[in-house]
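S.K.: Dumping the structure here so I can ask a few things about it.
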Amino acid sequence: MVKYFSPEFFLQLQDALVNDAKWQEMTKGLKTSVKLTSTEQGKASSYLLKVEDGKTSIAPTEASAQGEFSFEGAYETWTKVAKGEVDLQSAVLKGVLKFKGSITKILVYKDKFLRIAEVMRSIPVEF
């Protein structure tokens with residue numbers, strides 16, 4: 001098992017998405033990037049997920065890096081998302097995850113983000 005929201009976790013997520021036939025089909029012709037940031041005790045860890053025509057990569061990034069979309073929240077909130085206790089959309093609407101990007105465009109991509117969350121939950125982690 002890997003620690004949730006660690007470099008090892010995101011490496012496993014990247015591998016899982018690369019090998020997920022449903023994800024591959026969903027992202028054909030898509031080009032986007034999503035920055036995911038967890039804040040814990042004054043420290044932030046950020047990862048940039050890039051998708052380009054079905055190819056997915058995830059790498060640690062600086063907090064100042066930009067993505068087409070950005071989600072930022074406390075580690076505790078991310079763990080609730082990972083456990084399925086709260087979904088990404090609800091977390092944003094409640095203000096516990098900060099979102100940056102086009103609301104209209106992200107609604108078009110909603111199924112893709114839900115698939116990322118499904119794949120995330122399939123990875124065995126420790127919190």
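S.K.: Are any residues in the stretch 78-120 in a helix (DSSP H, G or I), closer than 19 Å to residue 49 by Cα and open to solvent by 50 Å² or more (accessible area, probe 1.4 Å), and if so, which ones?
M.R.: Scanning the stretch 78-120 gives 89, 103, 105, 107, 108, 110, 111, 114, 118.
S.K.: Assess whether residue 56 counts as being farther than 16 Å from residue 6 by Cα and at pLDDT below 95.
M.R.: Criteria not met by residue 56.
S.K.: Out of (1) among the small types (Gly, Ala, Ser); (2) open to solvent by less than 80 Å² (accessible area, probe 1.4 Å); (3) outside any strand (DSSP E or B), what's the single condition that is false for residue 64?
M.R.: (2)
S.K.: So which residues in the stretch 57-67 are touching a residue at least 24 places away in the same chain (Cβ under 8 Å) and either out of contact with any strand residue (DSSP E or B) (no Cβ under 9 Å at 6 or more places or on another chain) or not aliphatic (A, V, I, L, M) (or both)?
M.R.: 57, 60, 61, 66, 67
S.K.: Note down all Cβ pairs under 6 Å where the first residue falls in the stretch 36-56 and is in a loop (DSSP other than H, G, I, E, B), the second is of a type in the set (Ser, Thr, Tyr), and they're at least six residues apart or on different chains.
M.R.: So the pair list comes out as 54/27.
S.K.: Has the stretch 10-18 got any residue that is open to solvent by 20 Å² or more (accessible area, probe 1.4 Å) and at positive phi?
M.R.: Scanning the stretch 10-18, I find no residue that is open to solvent by 20 Å² or more (accessible area, probe 1.4 Å) and at positive phi, so the answer is no.
S.K.: Here are the criteria: (1) polar (S, T, N, Q); (2) over 15 Å from the mean Cα position of the chain (by Cα); (3) within 17 Å of residue 127 (Cα to Cα). Tell me which single one residue 77 does not satisfy.
M.R.: (2)
S.K.: With touching a strand residue (DSSP E or B) at 6+ places or on another chain (Cβ under 7 Å), buried (at least 19 other Cβ atoms within 10 Å of the Cβ) and modelled with pLDDT of 90 or more as the only criterion, which of 70, 45 stands out?
M.R.: Result: 70 is the single residue among 70, 45 that is touching a strand residue (DSSP E or B) at 6+ places or on another chain (Cβ under 7 Å), buried (at least 19 other Cβ atoms within 10 Å of the Cβ) and modelled with pLDDT of 90 or more.
S.K.: Could you tell me how many of the residues in the stretch 24-42 are within 15 Å of the chain's Cα centre (by Cα) and open to solvent by less than 40 Å² (accessible area, probe 1.4 Å)?
M.R.: 8
S.K.: Determine which member of the set 63, 21 is more than 13 Å from the chain's Cα centre (by Cα) and under 17 Å from residue 115 (Cβ atoms).
M.R.: Within the list 63, 21, the selection yields 21.
The values are calculated or read from the model by the stated rules, or taken from the named source; none is laboratory data. Computed from a predicted model, the values in this text were never measured in an experiment. When we count neighbours, we look across all protein chains shown, and the Cβ atoms used for this are built from the backbone with ideal geometry, even at glycine. All accessible areas refer to the heavy atoms of the entire protein, side chains included, with ligands and DNA or RNA removed. Shrake-Rupley method; radii C 1.70, N 1.55, O 1.52, S 1.80 Å.
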